[in-house]
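The values are calculated or read from the model by the stated rules, or taken from the named source; none is laboratory data. In this text, all values refer to a predicted model and were calculated from it rather than measured experimentally. Note: ideal-geometry Cβ built from the backbone for every residue, glycine included; neighbour counts use all protein chains shown. All accessible areas refer to the heavy atoms of the entire protein, side chains included, with ligands and DNA or RNA removed. Shrake-Rupley method; radii C 1.70, N 1.55, O 1.52, S 1.80 Å.
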Amino acid sequence: KLGFPLVVKPRSGSLSKHVLTNIDSLVKLDEAITIAKQYRKDFIVEKYIEGHLYRATVVGKKHVFVCEKDSPNVVGDGSSTIAELVEIKNLLENRHDTKNVTLHKVNVDDLFLQSKNYTTESILKKGQKVYVNQKTILSFGCDVINCSDKIHPSNKKMFTDVAELVDDNLIGIDFICKDISVSYEAQESAILELNSLPYIDMHENPSSGPKIPVSKIVWDFVLEETNKKVENAKIFDIMSTT
């Protein structure tokens with residue numbers, strides 16, 4: 001009923017490691033289901049949508065912050081090989097190979113490169129952008145681009161509506177579309193999943209774009225709600241006494 005192309009993924013997260021996208025045949029579909037079931041027995045099959053992957057974090061059902069997660073890539077300078085460009089990018093002080101960081105060193109998938117007719121010895125033209133891994137996972141070295149100031153008002157309302165719907169004051173929404181500055185109603189788009197424990201450091205330490213102190217906004221909200229509960233408790237005590 002969905003037709004091709006498709007996406008297959010486990011019902012709950014394996015950090016995209018068992019997810020296959022752009023499946024265009026029954027043979028590939030069967031292979032993808034086999035891979036997904038290596039993680040857990042139940043899985044999801046859904047329509048494949050082309051576009052950019054965004055993470056929208058909603059705090060207090062009203063504050064919305066959006067980052068684009070871009071698969072590991074390098075941009076040519078006209079003389080360096082892909083391997084050299086990866087090495088240069090990995091030397092940046094904000095790129096690490098340890099856990100609990102936002103920006104990791106770039107992980108090259110040689111087979112993926114070959115499928116795009118490149119090798120690590122290929123020399124890229126100046127300004128030419130090439131993806132070196134198809135996985136949009138932080139630990140694989142993807143870029144994080146802060147674009148909170150570009151979000152279309154209707155997209156922002158849609159994200160707050162989702163937070164209201166699930167009644168969650170801190171939620172991460174993975175969303176795909178071609179352009180976050182265009183209304184979701186004017187383009188093909190989809191919510192991929194919701195995260196009850198969203199990783200907010202993406203907004204605080206992106207690879208490009210302004211840094212937003214989301215953790216402070218979260219704490220301000222927590223303190224505000226706590227104070228409301230304290231005041232309500234005092235009022236209840238006074239009413240009970242009288």
What length, rounded to one decimal in nm, is gained on full extension from Ala83 through to His96, with 0.36 nm per residue of separation minus their alpha-carbon distance?
2.9 nm
Below 11 angstrom from the Cβ of Cys177, what's the summed charge of the other residues (Lys, Arg +1; Asp, Glu -1)?
-4
Of the listed peptides 85-93, 144-152, what is their order by residue-averaged count of other C-beta atoms within 10 Å, with the highest listed first?
144-152, 85-93
For the chain, return all DSSP H helices satisfying: extent of Cα atoms along own axis at least 27 Å; mean Kyte-Doolittle hydropathy at least -1.0.
214-241
Would you mind checking the radius of gyration and Dmax of the stretch 107-242 based on alpha-carbon positions, in Å?
21.7, 81
Rounded to the nearest 0.05, FRET efficiency between Lys211 and Val182 (Cβ-Cβ, R0 25 Å) equals 0.50
Compactness of the chain as Cα Rg over 2.2 N^0.38 Å, two decimals:
1.20
Provide the descending list of Cα extents for the stretch 105-146 along its principal axes, expressed in whole angstroms.
28, 23, 15
Expressed per residue, the solvent accessible area of the stretch 116-242 in Å² (1.4 Å probe) is about 62 Å²
Per-residue ellipticity at 222 nm attributable to helices in the chain (runs of n ≥ 4 DSSP H, -39500 (n - 2.57) apiece, nearest 500 deg cm²/dmol) works out to -9000 deg cm²/dmol
So, counting K/R as plus one and D/E as minus one, what does the shell of residues with Cβ under 11 Å around Glu193 add up to?
+1
Solvent-accessible area per residue for the stretch 1-44 (1.4 angstrom probe, square angstrom):
70 Å²
Once you have the Cα-Cα distance between Lys157 and Ile44, take 0.36 nm times their residue separation minus that, and quote the gain in nm to one decimal.
38.0 nm
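How would the stretch 1-80 be classified by its alpha-carbon gyration tensor: rounded, prolate or oblate, with rounded meaning a/c under 1.5 and the a/b versus b/c comparison settling the rest? Walk me through the numbers before you get to the answer.
On the way: a/c = 2.01, a/b = 1.22, b/c = 1.64.
Since a/c reaches 1.5 but b/c is at least a/b, the shape of the stretch 1-80 is classed as oblate.
Under a point-charge model restricted to the Cβ atoms of Lys and Arg (+1) and Asp and Glu (-1), what is the dipole moment magnitude of the chain relative to its Cα centre, in debye to the nearest 20? Present the calculation step by step, with values, prior to reporting the outcome.
On the way: 31 positive and 34 negative charges, 43 e Å.
Computed charge dipole of the chain: roughly 200 debye.
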Just report the Cα centroid separation between the stretch 23-37 and the stretch 121-177, whole Å.
26 Å
Stokes-Einstein translational diffusion, the stretch 67-158 - Kirkwood Rh over all Cα pairs, 1.306 mPa s, 10 °C, in µm²/s:
112 µm²/s
Between Leu197 and Arg11, how many nm apart are label points set 7 Å from Cα along the C-beta direction?
2.0 nm
Set Lys and Arg Cβ to +1 and Asp and Glu Cβ to -1, take the dipole of the chain about its Cα centre, and tell me which of Asn205, Asn73, His63 lies farthest positive.
Asn73
Shape category assigned to the stretch 168-214 from the gyration tensor of Cα positions, a/c cut at 1.5:
oblate
For the stretch 1-44, state which trypsin sites (Lys or Arg not before Pro) are in a DSSP loop and have at most 16 other beta carbons lying within 10 Å of their beta carbon.
Lys1, Arg11, Lys17, Lys37, Arg40, Lys41
Average projected area of the Cα convex hull of the stretch 123-201, in nm²?
7.1 nm²
Check the straight Cα-Cα distances from Lys157 and name the lysines below 25 Å, setting aside those fewer than 8 residues away within the same chain.
Lys47, Lys61, Lys62, Lys69, Lys178, Lys211, Lys216
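Below 9 angstrom from the Cβ of Ile137, what's the summed charge of the other residues (Lys, Arg +1; Asp, Glu -1)?
With Lys, Arg at +1 and Asp, Glu at -1, the neighbours total +3.
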At a 10 angstrom cut-off on C-beta neighbours, averaged per residue, how do the peptides 214-225, 72-83 rank from highest to lowest?
72-83, 214-225
Inter-part gap, Cα centre of the stretch 85-113 to Cα centre of the stretch 185-227, in whole angstrom, is 23 Å
In nm, the gap between the two label points placed 7 Å beyond Cα toward Cβ at Val230 and Asn169 is 1.4 nm
